[in-house]
Amino acid sequence: MKPIRTTIFFGIISGIIVLLLSFLPVHLFGWSATVKLYLLLNVTIYGILLCRWSRTPLIKLLFPLGLLTGIAFFSSSPISFILAALAIFSWIRSGLCFAHFPRRTMLAELLTIMAGAGSLWLMPPYGPLSLALTICLFFLLQSLYFFMVPQREVRKSAGNGRDAFEHASGELEKILRQDMAK
């Protein structure tokens, strides 16, 4: 399950980046602007990963990410931006990338986002280390989404109803028969 493993690793890398950000002079931009930029980049990179997993064209990310960028500029509080980022994150994942099972994706989205938001509420980030752990926990909970939402069926080869492995196996048998006939 590639999305599960990658989501967990993405959370670990995101947590490490938060620790590294704490050593930068964020007071030049303000902590609120730094958090907004960090979350915007996180949603963008994870959105690209989601599009690659679901084979969704990247152009579909432009409107949600443009909307989130606008919210970043016009929201006054980091909490409102975090809630908007969670909504856009859900929209990208369940509305654009994995919308082939609508009821199941909405239920999985509701459960994982509520669990992720609950982790932020139960474990409020008081410092860089607790923030890094909270982000890791958030993405660990988000990886549960891929347990709840089934992946698409194996692609069928051109029109004959067989999957790609059966098609390749048949082609190999043809080649071997031709070699034996010679």
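The values are calculated or read from the model by the stated rules, or taken from the named source; none is laboratory data. Note that the structure is predicted; figures quoted are calculated from it, not measured. Quick reminder, even Gly has a Cβ in these numbers, built from the backbone with ideal geometry, and neighbours come from all protein chains shown.
Computed values, structure above
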read-out: Search result, residues across region 1-26 that are among the β-branched types (Val, Ile, Thr) and touching a residue at least 12 places away in the same chain (Cβ under 8 Å); value: ILE4, THR6, THR7, ILE8, ILE12, ILE16, ILE17, VAL18
read-out: Residue check, LEU96 assigned by TED's automatic domain parsing to the domain that holds GLN142, at pLDDT 90 or above and either surrounded by 12 or more Cβ atoms within 10 Å (Cβ to Cβ) or of a type in the set (Lys, Arg) (or both); value: no
read-out: Within region 52-137, helices (runs of 4 or more DSSP H) holding 3 or more residues that are in contact (Cβ under 8 Å) with a residue 40 or more places away in the chain and under 19 Å from the mean Cα position of the chain (by Cα); value: 78-90, 102-122
read-out: Extreme residue, surrounded by the most Cβ atoms within 10 Å (Cβ to Cβ), among residues of region 1-51 that are of a type in the set (Gly, Ala, Ser) and assigned to a helix (DSSP H, G or I); value: GLY47
read-out: For ILE71: the one exception among (1) of a type in the set (Val, Ile, Thr); (2) surrounded by fewer than 18 Cβ atoms within 10 Å (Cβ to Cβ); (3) touching a helix residue (DSSP H, G or I) at 6+ places or on another chain (Cβ under 9 Å); value: (2)
